[in-house]
Amino acid sequence: MSGFSLYYADCIGAETNCSYPHEVVVRGIDSLREAARHDYVCVSYRGGYRSKANFIRSNCLGMDCDNDHSERPEDWITPEMIHESFPNVPFAVHFSRHHMKPKRGKVPRPKFHVLFLIEEVTDHAEYSNLKKRMNAVFPYFDTKALDAARFFFGTASPDVDFFPGTITLDECLDRYYPDSAADAFWDTGTPLGGVISEGSRNSTLS
C-alpha cells in the first residue's frame, strides 16, 4: 500500500489554529502516531492554511465516530465493525482525547477518528460529497464533521490502530455500496453488513 497523507500542526489542542505545514505519509502505526501527536488534517491546503478555499488535494477521508447514536453499549460501533463493513479497505484509527471518558453528562464510550485511503480528490465539494455518501450507508459518523476543512485534535500519547487492505474506499463503495444503497438504507434502516442492531433504528436515525 502506498499510504495516505496527513498534515499536522506545530501545536496540540488548539481549536483556533489553521496552520498545518507538515506532511506525513501513513503506512502503519509509527507514521500514524507521528501525525496524531499534533492536531492534524487529511487535506493538503495552499500554504498549509486550513480552509475550503485553499483545498489542494486529499487521498484520505477522515471521519469521526463518537457513538452518540445510542445510550446502549451493545449498539456502539467499534473499529472492528467498521473493518467488517468496509472490507479490504486500509484505514487508521486514532482514539480521541474523549475516548472512554464522560462528556456532557453521558457515560464513557468509544470515541475515535477513522482515516480511510481514497482515490486522490482535488475538489473540496467532491470531497465533502464523498463524506456524505459514507454517512448515507454508515450513519454512525458525526454529521457535523462532513465538510472539507475539518481538523482533528491530536493526543500527547496517541492510542492508535491500523487495518491494512488492498482497495481504496472509493472502490469498496462502488463494489458494495452502489448509489442505490443509500436509498435502500433509508427504506430498510440497514446498511451493508446489517450493523444497525434490532430495535435501535429510531435512535440511530435520530
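The values are calculated or read from the model by the stated rules, or taken from the named source; none is laboratory data. These figures come from a predicted structure and were not determined experimentally. Here Cβ is always computed from backbone atoms with ideal geometry, including for glycine, and neighbour counts include all displayed protein chains. The area values use the complete protein model at the heavy-atom level, side chains included, leaving out ligands, DNA and RNA. Shrake-Rupley method; radii C 1.70, N 1.55, O 1.52, S 1.80 Å.
Below are the figures for this structure:
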| read-out | value |
| --- | --- |
| Unique residue being of a type in the set (Gly, Ala, Ser), closer than 22 Å to residue 110 by Cβ, open to solvent by 20 Å² or more (accessible area, probe 1.4 Å) and in contact (Cβ under 8 Å) with a residue 24 or more places away in the chain when the list is 28, 62, 13 | 13 |
| Matching residues in the range 107-149 - criterion: being assigned to a loop (DSSP other than H, G, I, E, B) and acidic (Asp, Glu) | 123, 142, 147 |
| Residue selected from the range 155-172 under the condition hydroxyl-bearing (Ser, Thr, Tyr) and buried (at least 18 other Cβ atoms within 10 Å of the Cβ), by the criterion nearest to the chain's Cα centre (by Cα) | 168 |
| Selection within the range 79-98 - within 14 Å of residue 113 (Cβ to Cβ) and either open to solvent by less than 50 Å² (accessible area, probe 1.4 Å) or at pLDDT 95 or above (or both) | 79, 82, 91, 92, 93, 94, 95, 96 |
| Number of positions in the range 73-106 that are aliphatic (A, V, I, L, M), within 12 Å of the chain's Cα centre (by Cα) and part of a loop (DSSP other than H, G, I, E, B) | 0 |
| Residues (crowded, with 20+ Cβ neighbours inside 10 Å and closer than 13 Å to residue 99 by Cα) located in the range 145-154 | 154 |
